[in-house]
Amino acid sequence: MPASSSTPSQVRGVFWPTLCLVLLVGLTVGAIVQGWDGPVARLARPLGQAGFGEAWARAAYWLGLGGIQMAGMALLGLVGYLWRRRGLMLLGRDGLLAVAASGLATQVIKHLVGRPRPRMGQDAWQALGPTFDSDLHSFPSGHAATSFALAVVLAARFPHLAPAFYALAGFIAFGRLLGNSHYLADALGGAALGLLTGWLLVRWLRDRERA
C-alpha cells in the first residue's frame, strides 16, 4: 500500500512555523552582528521612564512573570477539575508545561551566555560566560520565551483568538526593552525559543492524544 503524501494543511502547518522561526533567528543574529541592540536600547530607555511607556514596561513585567503565568494556568486547571470541564483542565496542564519547559530552557541559556542587561551600562555585544548573576542574564528574555510558548498553546486551543494571544506576547516581549531589562536581540531570541518550545509541545501533546 503506497505511503500517504502530506496534505496541503499539513505542509502549511510546518511551513509557517518554520518561516517564523527562521525570520526571528535571523533578526536576532542581525541585531547582535549589525549592532542594532545599542541604538534601540538608547531609544527605548527614555520612552520607558514616563507615561505610557512606563505603564507598558510595568505591565509587561508582571504579565510576563513565569510564576504568575504558571499560577494562572494552575488555577485554570483547578477550575476545570472542580467544574468537571476536561477542556479547561487540559488547557491548564498544557499551559503549565509550556511555561515550565520554555522557562527552563531560557534559564539554561541565560546562565551559559552571561550577557549583561542594558541597565549595567556595558557593551551590548558582550557575553561573559557561565554565571549565576541575574544582572548578566539578559539573553534570552524569559518573559518573551514563556509568553510566546503560552501563546502557542492557547492559540492551538482557540485558533480564532491566535492574533490576540501573539499580540499580547509581543506586547510583553517589547515591553521588556522599555523597562531597560533586555536588548532587542534578547526579546527576539526569547520569542523564537518560546515559539519553538510551544510548537514542539503542542505537536507532542497531539501525538499523545492520537496514540
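Things worth noting here:
- Comparison of 187, 211 shows that the only residue that is aliphatic (A, V, I, L, M) and at pLDDT below 95 is 211.
- Residue 74 vs. criteria among the aliphatic types (A, V, I, L, M) and either buried (at least 20 other Cβ atoms within 10 Å of the Cβ) or over 28 Å from residue 38 (Cβ atoms) (or both): yes
This table checks each residue for (1) outside any helix (DSSP H, G or I); (2) touching a residue at least 24 places away in the same chain (Cβ under 8 Å); (3) farther than 28 Å from residue 42 by Cα.
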position	(1), (2), (3)
135	no, no, no
154	no, yes, yes
161	no, no, yes
165	no, no, yes
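- Test: residue in segment 164-182 that is in contact with an Asp or Glu (Cβ under 6 Å, 6 or more places away or on another chain), buried (at least 24 other Cβ atoms within 10 Å of the Cβ) and hydrophobic (A, V, I, L, M, F, W, C): no
- Residues that are in contact (Cβ under 8 Å) with a residue 40 or more places away in the chain, in a helix (DSSP H, G or I), of a type in the set (A, V, I, L, M) and within 18 Å of residue 175 (Cβ to Cβ), drawn from segment 62-78: 63
- Just so you know, in segment 172-184 the residues that are assigned to a helix (DSSP H, G or I) and either at pLDDT below 95 or of a type outside the set (A, V, I, L, M) (or both) include one that is farthest from residue 32 (Cα to Cα), and it is 175.
The values are calculated or read from the model by the stated rules, or taken from the named source; none is laboratory data. Treat the numbers as computed from the prediction; the structure is a model and nothing was measured. When we count neighbours, we look across all protein chains shown, and the Cβ atoms used for this are built from the backbone with ideal geometry, even at glycine.
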